[in-house]
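Data first, discussion second: the structure below is written as structure tokens.
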């Protein structure tokens, strides 16, 4: 089997690495820290990518892309995540908000929203989870009640990443009560500046901007804000979650940090590591390759329009386990790093990876729910 992506993808990977080296500080660990300069770096880098047609490379030209292959877009995902996502929150707009608009949006919605995403000028947040509806998203209670020629939306969302800085929210609300909880849900595209929206940050070890509560108090929505058809929101969200769960190439960061370990430690310190730790390091590299190949398999199915939730769940289970297992191994290795600037920078990167790994099994749907999805598929096939 040939797993090479082709010359175009190989050249793109080199171009992206040169851009990161030139535009992103060596100690950059993500956009959403206590230092506003980190967000500024991400916003600048998005414009750099957009100017070169790389931010939304796989999008059609009419929407601001360059019609690149799915594998070239995969290279972008891998290099961005490997380097602590210097696009900031833009992966949300690029990976699934944009594709959802292309598939379900009206011409007016596409003209309004896709160009700013392609230029890296807008940040979106996701209004899905609620205090009592996280993994069981279809049980949400945020209600959009008919109000004149539109709706009045009230409820609460939680764990909403980037809500403090987002200009728009991809919001799921209940527009009617039906026999099944998955029915009667609708997606609204709501500006965060609209009256009735309040954001309260949730401080966590992931940083000050990642997690928030969003309160909606009679927020006005119109027919123009509805994505797709009223009541068909669950189908839209199922597609969105499949894109989201595959769109983050977590294995790429694990692999980069693992490969960096022998160089950072140097030959002597590396040889002094206990054999079990070096064996664990090698095992994690194997698991990185497994997760990468699973991702490629799912992307190929997605590209052919044949992806199912269980396909994405299989990848999600593997890559979140990789996140946590590699974080444990790397944290032990990092204790042997020298006390020079490369060593200190490496330990900070490992600490950042470890923090994210703790949240990875609940973000974008808990690993337990992914196992249930996969088990149901296996039982159906039995």
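State all residues of the range 183-205 that are closer than 21 Å to residue 225 by Cβ and assigned to a loop (DSSP other than H, G, I, E, B); if no residue qualifies, say none. Within the range 183-205, 183, 184, 192, 193, 194, 195, 196 qualify. Screening residue 221 against (1) more than 20 Å from the chain's Cα centre (by Cα); (2) in a loop (DSSP other than H, G, I, E, B) leaves a single unmet condition, (2). The residues of the range 353-372 that are crowded, with 19+ Cβ neighbours inside 10 Å and at pLDDT 70 or above, listed by number, are 353, 356, 357, 360, 370. Summed over the range 139-154, residues that are touching a strand residue (DSSP E or B) at 6+ places or on another chain (Cβ under 8 Å) and either surrounded by 21 or more Cβ atoms within 10 Å (Cβ to Cβ) or assigned to a loop (DSSP other than H, G, I, E, B) (or both) total 7. Just one residue in the set 65, 53 is part of a loop (DSSP other than H, G, I, E, B) and touching a residue at least 24 places away in the same chain (Cβ under 8 Å); that residue is 65. Within the range 83-105, being part of a loop (DSSP other than H, G, I, E, B) and within 15 Å of residue 233 (Cα to Cα) holds for one residue alone: 105. Of the residues in the range 191-213, none is at pLDDT 95 or above and buried (at least 23 other Cβ atoms within 10 Å of the Cβ). Residues that are surrounded by fewer than 17 Cβ atoms within 10 Å (Cβ to Cβ), modelled with pLDDT under 95 and either on the phi > 0 side of the Ramachandran plot or not in a loop (DSSP other than H, G, I, E, B) (or both) within the range 16-42 comprise 36, 37, 40, listed in sequence order.
Residue by residue, here is whether (1) touching a strand residue (DSSP E or B) at 6+ places or on another chain (Cβ under 8 Å); (2) more than 25 Å from residue 93 (Cβ to Cβ); (3) modelled with pLDDT of 95 or more holds:
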position	(1), (2), (3)
223	yes, no, yes
247	no, no, no
284	no, yes, yes
289	no, yes, no
300	no, no, no
307	no, no, no
312	no, no, no
315	no, no, no
329	no, yes, yes
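Of all residues in the range 119-138, those satisfying the criterion of being surrounded by 21 or more Cβ atoms within 10 Å (Cβ to Cβ) and over 26 Å from residue 178 (Cα atoms) are 120, 123, 124, 125.
Test residue 75 against the criterion of being closer than 23 Å to residue 5 by Cβ, buried (at least 20 other Cβ atoms within 10 Å of the Cβ) and at pLDDT below 90, and give yes or no. Answer is no for this residue.
For the range 259-269, residues that are in contact with a helix residue (DSSP H, G or I) (Cβ under 6 Å, 6 or more places away or on another chain) and in contact (Cβ under 8 Å) with a residue 12 or more places away in the chain total 2. For the range 165-184, which positions are modelled with pLDDT of 90 or more and under 22 Å from residue 113 (Cα atoms)? Selection gives 166, 167, 168, 169, 170, 171, 172, 173. The number of residues in the range 284-336 being under 20 Å from residue 372 (Cβ atoms) and more than 20 Å from the chain's Cα centre (by Cα) comes to 0.
The values are calculated or read from the model by the stated rules, or taken from the named source; none is laboratory data. Predicted model, so just to flag it, every value in this text is computed and none were measured. Positions of Cβ are generated from backbone atoms using ideal geometry, with glycine treated the same way; all protein chains shown enter the neighbour counts.
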